[in-house]
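Take a look at the structure set out below.
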Amino acid sequence: MADGFLFDDMQPATARGAYGQRSTPVPEAGARPAPHSGSPTSRAAARRIAPVAGTIRGDVLAYLREQGAEGATADEIERALGRPGNTIRPRTVELRADGLIIQSDRVRPTASGRMAVVYVATPWDQEKSS
């Protein structure tokens, strides 16, 4: 166990976008450490996701931009990008903290039938990217 982490043999996931192309990280995204609860397994997961977290943030933001005002729930983002919720949800928290996406006042049902908030790219970000 090096550096106090479990799972020292973990390798970073391949950084690929929604359609298999290499994605571009959100600017400055690499400077943010991946969130973790402090437990050994959470620290190990944060360390594993760190190399690609910015790329995944970029994928989430690009997908929400494509959706426009319709937006998407975390469940819809997960299915569209082919990534699990425990990878997507932290990225939505980070994008919200950076002011790049917002939670709309709308909700939609998830695949399991539960209601979930709809995220949209912020208008400022959409104007900036045009």
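The values are calculated or read from the model by the stated rules, or taken from the named source; none is laboratory data. The structure presented is a predicted model; accordingly, all values stated were derived computationally and were not measured. All Cβ positions, glycine included, derive from the backbone under ideal geometry; neighbour counts span all protein chains shown.
For the reader, a short list of remarks on this structure follows.
- Among the residues of region 55-69, those that are in contact (Cβ under 8 Å) with a residue 12 or more places away in the chain and out of contact with any Pro (no Cβ under 8 Å at 6 or more places or on another chain) comprise Ile56, Asp59, Val60, Leu61, Ala62, Tyr63, Leu64, Arg65, Gln67, Gly68, Ala69.
- Selection from region 103-126 of residues that are assigned to a strand (DSSP E or B), touching a helix residue (DSSP H, G or I) at 6+ places or on another chain (Cβ under 7 Å) and either exposed (fewer than 12 other Cβ atoms within 10 Å of the Cβ) or among the β-branched types (Val, Ile, Thr) (or both): Val120
- Any hit, region 25-37, residues being assigned to a loop (DSSP other than H, G, I, E, B), at pLDDT below 50 and surrounded by 15 or more Cβ atoms within 10 Å (Cβ to Cβ): yes
- Residue within region 44-59 that is at pLDDT 75 or above, out of contact with any Asp or Glu (no Cβ under 8 Å at 6 or more places or on another chain) and closer than 22 Å to Pro123 by Cβ present: yes
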